[in-house]
1. List, in the order given, every pair from B:K72/B:K138; B:K12/B:K34; B:K72/B:K200; A:K24/A:K47; A:K17/A:K47 whose Cα-Cα distance in the structure shown is over 32 Å.
2. Can you give the average number of partner chain beta-carbon atoms within 10 Å of each beta-carbon in peptide B:191-202, as a whole number?
3. Which one, B:D178, B:D60, B:D78, has the greatest fluctuation when you compute a Gaussian network model over chain B with C-alpha springs under 10 angstrom?
4. Would you please state the base-10 log of I(q)/I(0) at q = 0.28 1/Å for the stretch A:38-87, with intensities from the Debye formula using one equal scatterer on every alpha carbon?
5. Nearest 5 is fine: what % of DSSP beta bridges in the stretch B:4-263 come out antiparallel, could you say?
6. Which residue fluctuates the most in chain B, going by a Gaussian network model with Cα springs under 10 Å, if the choices are B:K138, B:K200, B:K73?
7. Peptide A:21-33: average number of partner chain Cβ atoms within 10 Å per residue?
8. Taking the Cα centre of the protein assembly as shown as origin, sum charge times position over the Cβ atoms of Lys and Arg (+1) and Asp and Glu (-1), and report the length of that vector in debye to the nearest 20.
Amino acid sequence: MSSLLDFLNRLFGRVEKSSSDIAKKRLRLVLVQDRSNMSPEVLEELKEELIGVLTRYLEIDEVGMSVELDKSDDSVALVASIPVKSVKVRVPKIRSLEPTGVSE
Amino acid sequence: MSGQVIVVTSGKGGVGKTTVVANIGTGLAAAGHKTVLVDADIGLRNLDLIMGLENRIVYDIVDVVEGRCELKKALIRDKRVEGLQLLPASQTRDKTAVSPEQMKELCQQLREEFDFVIIDCPAGIEHGFHTAVAGADKAIVVSMPEVSALRDADKIVGLLEASELTDPYLIVNRIRMDMVQRGDMLDVNDMTDILGLQVKVLGIVPDDQSIIVSANRGEPIVLDNRSRAGQAFRNIVRRLQGEEVEFMDLSQGGLMLRLKRLVGLAK
C-alpha cells in the first residue's frame, strides 16, 4: 500500500532500504558461498592455477583479474573477468608425427 | 505397529527446538496418539524441565543404550496427558555416549510401541547431530526470522539431505508481525525464498511472552487455549496428522494499524 510518507519520501528522493531487505540481500550472498563449499583459500588456489594455464597462451593483467562465485536465480556460476594484454604467438604443437595423408 | 520418527533440529541454539518438541509431542498425545519424546541433547538436559518432569527422572538414555536398565523403566509418563512419555537425556555424560547405530536401534524399538517418536536434537553439526538424526524418517527444521538462524538452518538442510532426510519441514518460530510490517523482520516468504524450494512450511509461531511463562511453570503452551502460540502449535499438530490447516493471520490488524498505514508509520 502506498502511503503518504512513502509518497513524500519519493517526492524528496529519500528512499531508505528496509533492514529486512538488507538482511535478505546479505543472506543470499553468504549462502552462495556456504553452499558452494568453497573457502576463499580454495578460490585463491583456483585463481593461481587458472593464471598458470592462461599465461601459456595469453599475457594477462593479473592485478585486474577477478574470479568469484556468483548466483543467478537458483544456480551458482563461476564468473571470471580476465583482462588480456596480448596474445602470445606460439608455434602450434604437431600432434602426430605419423603421416596422416592430410598435410598440416 | 510402526510409528513415525521425527527429529527436530536447527543448527543454531536458542531458536526453540526443545519448546517445539514439547509442544508438538504434547499436542499429538492430546490428540490420542501414543507419543514418546527423546531428549538427544546429552549433557545439556532440558526437555524434562520444559515438560515439568524434572523431578521424576531415575534412568536416562545413556543407561538404556549401555544396558543398565530396560527401555520401559527409563520412560517417564507425563502427568497431564495420557499416552505421552519422555526418555530423558543424561546430564552427566557427553554427546559421544550414544552412537548413531545405538540411536537407530533405539528408534526401532520405540517405533514398535509408539505412533510418534519426537527427537530433540542438540544444537551444532557434530557427533550429537549425526546421532540424533540417525534413526529419523522425517526432519523438522526450526528457525527464526534472523540472519544467523537462517544461515545455520540452510546448513542443516544440506546436512539432512546428506543423511538422506530430504524435504524437511520448516517451523518459523518467534516471528513478530509488527516488525515484519515495518520492514524490520524477514517474512515467511523471504525465509522460504532464501532456503529454497526443498523446505515445506509446517507452521508459523508468533513471538509470545506466554512461552516464557509456560516454561517457568513446566506446562507446554499447546494446552493453553487462550494463547496464540498455543494455537499455532495446535495447528502444527493437525498438519502433522495430515490435515490441511490454513495459516493463522498473525498481523495485528485493527483501526490503529490501518490509521498508521494511511499516514505511513506502518507498512
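A short reminder: the numbers here are calculations on the coordinates, not readings from a lab. Quantities reported herein were computed from a predicted structural model and do not represent experimental measurements. Note: ideal-geometry Cβ built from the backbone for every residue, glycine included; neighbour counts use all protein chains shown.
1. The answer is B:K72/B:K200; A:K17/A:K47.
2. Numbers: counts 2, 0, 3, 5, 2, 3, 1, 0, 0, 0, 0, 0.
The shielding value for this peptide is 1.
3. Most flexible of the set in this elastic network: B:D178.
4. For the requested q values the scattering log ratios are -1.08.
5. 5 percent
6. With Cα springs under 10 Å in chain B, the top fluctuation among B:K138, B:K200, B:K73 is at B:K73.
7. Rounded to a whole number, the mean comes out at 4.
8. Roughly 1140 debye for the protein assembly as shown.
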